[in-house]
Amino acid sequence: SIIFRTSTSSSLDTTALTITNAGAATFASTVTASGNITTDGIFINDSAPDNNVFEAIQSGRKMALYTYFSSNANDSEWRFRTSTGATDGATTDALIVKPGSATFAGDVAITGDIAVKAESATSDIVAQWQATNGNNCATFRTTDSGYLFAIKAQNGGDVQFEHDDATGKLKGDD
């Protein structure tokens, strides 16, 4: 191994860098690079906190990647944090990814087709839309036969289809 030490007149030697015979390098503190840092392998953070593990900062604006680890299988998460535009580093959690779910902070724009598959051929919810108060507005589901598709209004409402100009309507009462 090669060991690099630093010292001042008021302190003992401090190991700043150790390079092992295998070629691994261990730094005692922060590593600062003025250029790119590249790897042909995987970047590993083996002591990731329940906090930001990566930050990109420009003129006080910040983007970040946040991790949270939990012993509960459904609670661990990644958060993709985007800048609010403020120069104080403020961010918004634009996307939160957990096992089995993803939550977007705003609209999701899709170019192309979207396919949603039912989990079974029996009566199964394919999609569920909710009002801002959390009440279900409509539930899209397969029927018991597995061949028909049903749209059900919730909370005593009607199912209604209409043209953009509202001149023609198809309405089914509860």
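The values are calculated or read from the model by the stated rules, or taken from the named source; none is laboratory data. All of these numbers come straight from a predicted model, not from anything done at the bench. As a convention, Cβ positions derive from the backbone with ideal geometry for all residues, glycine included, and neighbour counts pool all protein chains shown. Please note that ligands, DNA and RNA were not included when accessible areas were found on the heavy atoms of the full protein model with its side chains. Shrake-Rupley method; radii C 1.70, N 1.55, O 1.52, S 1.80 Å.
Data table
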{"read-out": "Positions within segment 57-72 being surrounded by 14 or more Cβ atoms within 10 Å (Cβ to Cβ) and over 16 Å from the mean Cα position of the chain (by Cα), in sequence order", "value": "61, 62"}
{"read-out": "Subset of segment 62-72 [under 21 Å from residue 46 (Cβ atoms) and not in a strand (DSSP E or B)]", "value": "69, 70, 71"}
{"read-out": "Residues that are more than 30 Å from residue 79 (Cβ to Cβ) and hydroxyl-bearing (Ser, Thr, Tyr), drawn from segment 1-56", "value": "1, 6, 7, 8, 9, 10, 11, 14, 15, 18, 20"}
{"read-out": "Test: residue in segment 99-115 that is touching a Phe, Trp or Tyr at 6+ places or on another chain (Cβ under 9 Å) and either over 25 Å from residue 1 (Cβ atoms) or not polar (S, T, N, Q) (or both)", "value": "no"}
{"read-out": "Qualifying residue in segment 77-97 (condition: open to solvent by 60 Å² or more (accessible area, probe 1.4 Å) and under 30 Å from residue 141 (Cα atoms))", "value": "no"}
{"read-out": "Strands (runs of 3 or more DSSP E) (entirely within segment 87-156) containing at least 3 residues that are over 30 Å from residue 52 (Cβ atoms) and modelled with pLDDT of 75 or more", "value": "124-130"}
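Yes/no matrix, rows are residues, columns are (1) modelled with pLDDT under 90; (2) of a type in the set (Ser, Thr, Tyr); (3) open to solvent by less than 100 Å² (accessible area, probe 1.4 Å):
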{"site": "10", "(1), (2), (3)": "yes, yes, no"}
{"site": "18", "(1), (2), (3)": "no, yes, yes"}
{"site": "21", "(1), (2), (3)": "no, no, no"}
{"site": "29", "(1), (2), (3)": "yes, yes, yes"}
{"site": "32", "(1), (2), (3)": "yes, yes, no"}
{"site": "38", "(1), (2), (3)": "yes, yes, no"}
{"site": "43", "(1), (2), (3)": "yes, no, no"}
{"site": "51", "(1), (2), (3)": "no, no, yes"}
{"site": "55", "(1), (2), (3)": "no, no, yes"}
